[in-house]
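Each value in this text was obtained by applying a stated rule to the coordinates, not by laboratory testing. This is a predicted model, so every value here is computed, not measured. Glycine gets a Cβ as well: all are built from the backbone with ideal geometry, and neighbour counts include every protein chain shown.
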Amino acid sequence: MSLELRDVSYTHPGTDPAAGRLLDGLDLSVGAGEVTGLCAPSGAGKSTLLRIAALMVPADAGTVRINGQEFSRGTPVPREVRRSVGVVLQSPRAAADPRMRLDALVCAPLAFREGAWRPRPRRHAGRLAELAELAQLDPELLHRYPHQVSDGQLQRAMVARALALDPDVLICDEPTAQLDSESTAAVLGMLANRAAAGTAVLIASHDTAALSGVADKMLDLGGINRAGDRAGHA
Ligand code: ADP
Ligand code: ADP
């Protein structure tokens, strides 16, 4: 279980070429069982980098390796590989379907993997209970809709959802930015536990203090990006 980026460069389509590349010659690797923290000021390209690492957006040049399997621009990404990469985003409210109860949100990936059209909480009750326990979520909360729970509770459910498929690689973009200290600790604890089971975990955050408590390694985006000097001044 590993994530590696080699010599990755990227410019957003339609951006001013005079501003140069947003990401330039970037190398990054996260090994099995490792939590890597990525720090960057706003606008430096952190979210863009994470989307490339999660194979959601192809890099202009360079390669992304997931468990040693190499992807470059134009390489099709098999569904199994896509499913082996879990993603947690900053805003659980934006990411969660407001019409789905928490139990449906958490078990949806399990149901979709089986080809079901909609989540099947009862079918996945066992795994759901395990995931809820990991997230320190009261089972009662699983029957609520997103608008009936706090940001912290919702984000813990979204992390549980990302863990449902036992990802080999877990990529998190500011996963605790909107949370209180209790939920921040719960979320970081879930991510650290997952790493202890062998997953390669990459967490981007501007909250260096909270992150350094769980990260095995801290990287500064400016330090691994040759475009670092220009980024943030666009
Ligand atoms: P960060 O996550 O570090 O704040 P982002 O990766 O979101 O940075 O964005 C880096 C820069 O690229 C910003 O200047 C942003 O406005 C720009 N950007 C992000 N996404 C796009 C896009 N889809 N098209 C054009 N520019 C973008
Ligand atoms: P985040 O930091 O979580 O990526 P942003 O507000 O930077 O949030 O971006 C929200 C969405 O808008 C992202 O999908 C990003 O790619 C896109 N985006 C950001 N900046 C631009 C831009 N200048 N032009 C087009 N799309 C952008």
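Would you mind working out the magnitude of the charge dipole of the stretch 158-199 relative to its Cα centre, with +1 at each Lys and Arg C-beta and -1 at each Asp and Glu C-beta, to the nearest 20 Debye?
Its charge dipole is roughly 120 debye.
Which GluC sites (Glu not before Pro) does the stretch 9-118 hold that lie in a coil by DSSP with at most 11 other beta carbons within 10 Å?
Here the sparse-neighbourhood loop sites are Glu114.
Can you work out the PRE-style zone for Arg82? Point 7 Å along Cα to Cβ, and I want the residues of the stretch 97-119 with backbone N under 17 Å.
108-118
What are the equivalent ellipsoid semi-axes of the stretch 4-76, built from the alpha-carbon gyration tensor (square roots of five times its eigenvalues), in whole angstrom, biggest first?
The three semi-axes for the stretch 4-76 are 21, 16, 9 Å.
Under a point-charge model restricted to the Cβ atoms of Lys and Arg (+1) and Asp and Glu (-1), what is the dipole moment magnitude of the chain relative to its Cα centre, in debye to the nearest 20?
Dipole about the Cα centre, nearest 20: 880 debye.
Could you let me know the centre-to-centre spacing of the stretch 117-151 and the stretch 24-51, using Cα atoms, in angstrom?
30 Å
Taking a ≥ b ≥ c as the square roots of the Cα gyration tensor eigenvalues, with a/c under 1.5 meaning rounded and otherwise prolate when a/b beats b/c, else oblate, which class fits the stretch 1-138?
Prolate, because a/c is 1.5 or more and a/b exceeds b/c.
Tell me the mean residue ellipticity at 222 nm calculated for the chain from its helices only (DSSP H runs of n ≥ 4, each -39500 (n - 2.57), averaged over every residue, nearest 500).
It lands at -9000 deg cm²/dmol.
Quote the charge dipole size of the stretch 117-234 about the Cα centre in Debye, to the nearest 20; the model charges only the Cβ of Lys and Arg (+1) and of Asp and Glu (-1).
It works out to roughly 600 debye.
Putting +1 on Lys and Arg Cβ atoms and -1 on Asp and Glu Cβ atoms, find which of Ala129, Ala185, Ala204 reaches farthest to the positive end of the dipole of the stretch 98-210.
Result: Ala129.
Who wins for biggest fluctuation among Pro58, Pro167, Pro41 in a Gaussian network model of the chain, springs between alpha carbons below 10 Å?
Highest fluctuation among the options: Pro41.
Need one number: % antiparallel among DSSP beta bridges in the chain, to the nearest 5.
Roughly 45 percent of the beta bridges in the chain run antiparallel, per DSSP.
Name the shape class, rounded, prolate or oblate, that the alpha-carbon gyration tensor gives for the stretch 71-135, where a ≥ b ≥ c are the square roots of its eigenvalues, rounded holds for a/c under 1.5, and otherwise prolate holds if a/b is larger than b/c and oblate otherwise.
It is prolate, given that a/c is not under 1.5 and a/b is the larger ratio.
For labels at Asp7 and Ser181 in the simple 7 Å Cα→Cβ model, what's the distance in nm?
Going from the Asp7 label point to the Ser181 one covers 4.7 nm.
Most mobile of Arg127, Arg113, Arg79 per a Gaussian network model of the chain (Cα springs, under 10 Å)?
Result for the chain, Cα springs under 10 Å: Arg79 fluctuates most.
Please give the contour-minus-distance gain from Ala129 to Ala18: 0.36 nm per residue of separation, less the Cα-Cα distance, rounded to one decimal in nm.
Using 0.36 nm per residue and subtracting the Cα-Cα distance, I get 34.7 nm.
Based on alpha-carbon positions alone, could you give the equivalent ellipsoid semi-axes of the stretch 80-189 from the gyration tensor, as √(5λ), descending, whole Å?
20, 16, 12
Tell me the volume per residue, in Å³, of the convex hull enclosing the alpha carbons of the chain.
Enclosed volume per residue, from the Cα hull, is 125 Å³.
Could you list which residues have their amide H under 5 Å from that of Leu170, counting only those 5 or more apart in sequence or on another chain, with H placed in the peptide plane?
The list, which skips near neighbours in sequence, is Gly86, Ala200, Val201, Leu202.
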